[in-house]
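This report concerns only the one structure given below.
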Amino acid sequence: MSFMKQALISAHRAYKHDDVPIGAVIVRGGKIIARGENMVQKKRNPTLHAEIVAINRACKKLGVKFLDDCDIYVSLEPCAMCATAISLARIQNVFFAAADEKGGGILSNARIYDTDRHLWLPTVRQLPEYADESAKLLRDFFAKRRNKKETK
């Protein structure tokens, strides 16, 4: 199973606990070393995006502060906060499924690697073959959330 498929499985886990369904996996040497899903609602912490959760787990597992020999796969384009954290962690490559025109921090909106000075710039690549699956999961999640509000 592909690494992006694993990120999407993590996104489904976030959906189940009522968080925005975004998932991430960090890969080193062809093996997944950490997984993360959004935990903002579950843990009541606005910084617990999937990428941050995965970075924290990878650093803890490896006992390092830099992940410069790792790649990250994310189901949605990282926001500016997560893109900065990815840079600070020195992750080598960022792969994402769906673009995020409103909140994207890399290619769609903030474009922080283009406008901010970063000591570490990862290579970024969208994997469009997974974009529809990721976008559908997000649409379903927000439709469900809207329906809950309407029935109250």
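The values are calculated or read from the model by the stated rules, or taken from the named source; none is laboratory data. Because the structure is predicted, anything quoted here is derived from the model rather than measured. Glycine also receives a Cβ, built like all others from the backbone with ideal geometry; neighbour counts cover every protein chain displayed. All accessible areas refer to the heavy atoms of the entire protein, side chains included, with ligands and DNA or RNA removed. Shrake-Rupley method; radii C 1.70, N 1.55, O 1.52, S 1.80 Å.
Brief remarks on what is shown
- Residue that is farthest from the chain's Cα centre (by Cα) [pool: residues in the stretch 73-107 that are hydroxyl-bearing (Ser, Thr, Tyr) and either open to solvent by 10 Å² or more (accessible area, probe 1.4 Å) or under 18 Å from residue 6 (Cβ atoms) (or both)]: 84
- Checked across the stretch 74-90, the condition of being touching a residue at least 24 places away in the same chain (Cβ under 8 Å), touching a Pro at 6+ places or on another chain (Cβ under 8 Å) and of a type in the set (Val, Ile, Thr) holds for at least one residue.
- Residue tally, condition without any contact (Cβ under 8 Å) to a residue 60 or more places away in the chain and under 20 Å from residue 100 (Cβ atoms), over the stretch 23-34: 3
- Flag if residue 93 is in contact with a Lys or Arg (Cβ under 8 Å, 6 or more places away or on another chain) and either at pLDDT below 90 or of a type in the set (Ser, Thr, Tyr) (or both): no
- All positions within the stretch 11-52 that are surrounded by fewer than 24 Cβ atoms within 10 Å (Cβ to Cβ) and assigned to a helix (DSSP H, G or I): 12, 13, 15, 16, 40, 41, 42, 43, 52
- If you filter the stretch 129-141 down to residues that are in contact (Cβ under 8 Å) with a residue 40 or more places away in the chain and of a type in the set (A, V, I, L, M, F, W, C), you find that the one that is surrounded by the most Cβ atoms within 10 Å (Cβ to Cβ) is 137.
- Flag for residue 55 being under 13 Å from residue 10 (Cα atoms) and either open to solvent by less than 60 Å² (accessible area, probe 1.4 Å) or in a helix (DSSP H, G or I) (or both): no
- Of residues in the stretch 108-128 being in contact with a strand residue (DSSP E or B) (Cβ under 8 Å, 6 or more places away or on another chain) and either open to solvent by less than 80 Å² (accessible area, probe 1.4 Å) or among the acidic types (Asp, Glu) (or both), the one modelled with the lowest pLDDT: 113
- Only one entry in 102, 144 is without any contact (Cβ under 8 Å) to a residue 24 or more places away in the chain and within 19 Å of residue 8 (Cα to Cα), namely 144.
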